[in-house]
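Down below is the structure, laid out as structure tokens.
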Amino acid sequence: MSERESMEYDVVVVGAGPAGLSTAIKLKQLAATAGKEINVCVLEKAAEVGAHILSGAVMDPIAINELFPDWKERGAPLNTPVTEDRFLFLNEKGARRTPNWALPSCFHNDGNYVVRLGEFTRWLGEQAESLGVEVFPGFAAVEILYNEQGAVRGVATGNMGVNRDGTPSEHFQEGMELHAKYTIFAEGARGQLGRQLIERYSLNTDRDPQSYGIGIKEMWEIDPAKSKPGLVIHTAGWPLQNDTYGGSFLYHLNDNRIVIGMVVGLDYANPWLSPFEEFQRYKTHPSIKEFLEGGKRVAYGARAITAGGLLSLPKLVFPGGALVGCEAGFLNAARIKGSHAAIKTGMMAAEAIFKALEAERSHDVLSDYPIAFENSWLHTELNRTRNFKQWFKKGLLIGTLMTGIEQKLLGGKIPWTIHRKKADHECLRPAAEMPKIDYPKPDGVYSFDRLSSVFISNTNHEENQPIHLTLKNADIPVNTNLSVYAGPEQRYCPAGVYEFIKDDVGQDKLQINAQNCVHCKTCDIKDPTQNIVWVAPQGGEGPVYDGM
């Protein structure tokens, strides 16, 4: 193979989400203030910045206030301030609202904004480019490059135009190497390269296993008479069982739009459970359906989120680079917010990099970054809610009671810490031990099937390329997953990627419909044998979310 072309930068950032772009922006700001020149490149696997971004989202502006104090004048799309909070406990037919005075501070959203995070990310990308950051959408980083001392020295992008059998097509383009003094990884939850770094450098030693949820979301255009811009509704309870961690949200944007979604913890035990179908059921609840009546679903998407919090954070730095944002797991599950944390971690990493570059260092450990985090408001915030997921895993009643005690009565000054020992994939029980769940058929009005949902996610993959959902062992899906767990990949995937079919001689086999994949990474996380490994397809492919 011929030697790949290469480009040299001071800093390479993998991922053009809020964390990666904030890293690049802060570096350029620091350089401009000091009269220095720093070359910064940001790689993004989506065809355009923001196309793969999916979040609730209610944004706390604390971090963007620090990055751009003049964000309003710059036209940042924070257009819908929160006007009202509602928290509902649902049963199958009714709802009980918790008085706002009784809600812990983590459920209050005064001063926050309902945003379309994809739009916000596009705006961040424009700010980065105006400062001289080189942003390259459509290029997936698929390989970490190391120097002879074992430090990260950059990344390589994937080859383009490869046939299904691995041979080059007539459109073949070889990937490129991007070398840097420091490389920042901001791929989001369960990043392909981030998980390799965590393993190589043992970054999760003495940490709780990371915990994840799958977030499934739709955008609706609703009857203008039902629109209440700034209304934020969170729910717990039905349709999830008491022992299944999760909750739902319904946020009112402007322009008669709402976003509605559900997060289901991926540490659930019952392999018959389908997060997608649970979300479809949720929308039929009388307290939720009333907002959807007369409306139209206009967008769909799904994404895994980190939920382990402070106790599951890996070490943030290693020779030659750092993890920022959801790559490390900075989302605050109690607040259902991560964008402010992503921006702040990017800023702190940038400050450590700038200091290192001024000292003419390279490829070493950016120790100032974790020190800055430990002394930041973000650490204080995450420390206050470190037990949140563990309490709710003990059941809705205990979780509600103990969260109230810790956050309301103790003010987040908690004298105890609860640890978890099991990774999410270890929690699944054999199908024979768990009750089967029969889900109603979609009605096409409030509830829908997977394929029609994937269609409005604008997902596209070149079908003749190698399948990017790889199996370590091709026999495990039938011999273990199907026989022991009743094929849970058919249910935990929100995009209809996995289905068991009969081959020509009547034997079961797993069919992978990779073209449906919305890059949520759930299969990589929840597969009980950890046999499925998600890798990036050709750059530019996947969903194209419209400001989700």
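The values are calculated or read from the model by the stated rules, or taken from the named source; none is laboratory data. This structure is a prediction, so every number in the text was calculated from the model and none was measured. Please note: Cβ atoms are built from the backbone with ideal geometry, for glycine as well, and neighbour counts cover all protein chains shown. The area values use the complete protein model at the heavy-atom level, side chains included, leaving out ligands, DNA and RNA. Shrake-Rupley method; radii C 1.70, N 1.55, O 1.52, S 1.80 Å.
Observations on the structure shown:
- Hits in segment 239-249 (condition: part of a loop (DSSP other than H, G, I, E, B) and either free of Cβ contacts under 8 Å to residues at least 40 places away in the same chain or crowded, with 19+ Cβ neighbours inside 10 Å (or both)): P239, L240, Q241, T244, Y245
- Matching residues in segment 352-374 - criterion: being hydrophobic (A, V, I, L, M, F, W, C), open to solvent by 50 Å² or more (accessible area, probe 1.4 Å) and part of a loop (DSSP other than H, G, I, E, B): A359, V365
- Residue in segment 41-59 that is closer than 22 Å to T400 by Cα and small (G, A, S) present: yes
- Residue list for segment 97-112, restricted to those being more than 22 Å from R386 (Cβ to Cβ) and either modelled with pLDDT of 95 or more or open to solvent by less than 10 Å² (accessible area, probe 1.4 Å) (or both): R97, D110, G111
- G56, sole failed condition from (1) part of a loop (DSSP other than H, G, I, E, B); (2) under 30 Å from P239 (Cβ atoms); (3) at pLDDT 95 or above; (4) in contact with a strand residue (DSSP E or B) (Cβ under 6 Å, 6 or more places away or on another chain): (3)
- Residue in segment 287-309 that is touching a residue at least 60 places away in the same chain (Cβ under 8 Å), within 30 Å of E199 (Cα to Cα) and in a helix (DSSP H, G or I) present: yes
- Residue among S211, S202 that alone is open to solvent by 10 Å² or more (accessible area, probe 1.4 Å), among the small types (G, A, S), in contact with a Lys or Arg (Cβ under 9 Å, 6 or more places away or on another chain) and modelled with pLDDT of 95 or more: S202
- Filter pass, W377 being over 27 Å from M348 (Cα atoms), hydrophobic (A, V, I, L, M, F, W, C) and open to solvent by 40 Å² or more (accessible area, probe 1.4 Å): no
- Subset tally (residues that are open to solvent by 60 Å² or more (accessible area, probe 1.4 Å), more than 22 Å from G175 (Cα to Cα) and either part of a helix (DSSP H, G or I) or hydrophobic (A, V, I, L, M, F, W, C) (or both)) for segment 1-35: 2
- Pairs, first within 27 Å of G188 (Cα to Cα) and among the aliphatic types (A, V, I, L, M) in segment 206-230, second open to solvent by less than 60 Å² (accessible area, probe 1.4 Å) and modelled with pLDDT under 95, C-beta under 8 Å, six or more apart: M219/M548
- Unique residue being assigned to a loop (DSSP other than H, G, I, E, B) and either in contact with a strand residue (DSSP E or B) (Cβ under 8 Å, 6 or more places away or on another chain) or surrounded by fewer than 19 Cβ atoms within 10 Å (Cβ to Cβ) (or both) when the list is E148, E170: E148
- Of the helices (runs of 4 or more DSSP H) lying entirely inside segment 424-531, those containing at least 1 residues that are at pLDDT 95 or above and of a type in the set (V, I, T) are 450-455, 522-526.
- Of all residues in segment 387-424, those satisfying the criterion of being open to solvent by 50 Å² or more (accessible area, probe 1.4 Å) and polar (S, T, N, Q) are T400, T417.
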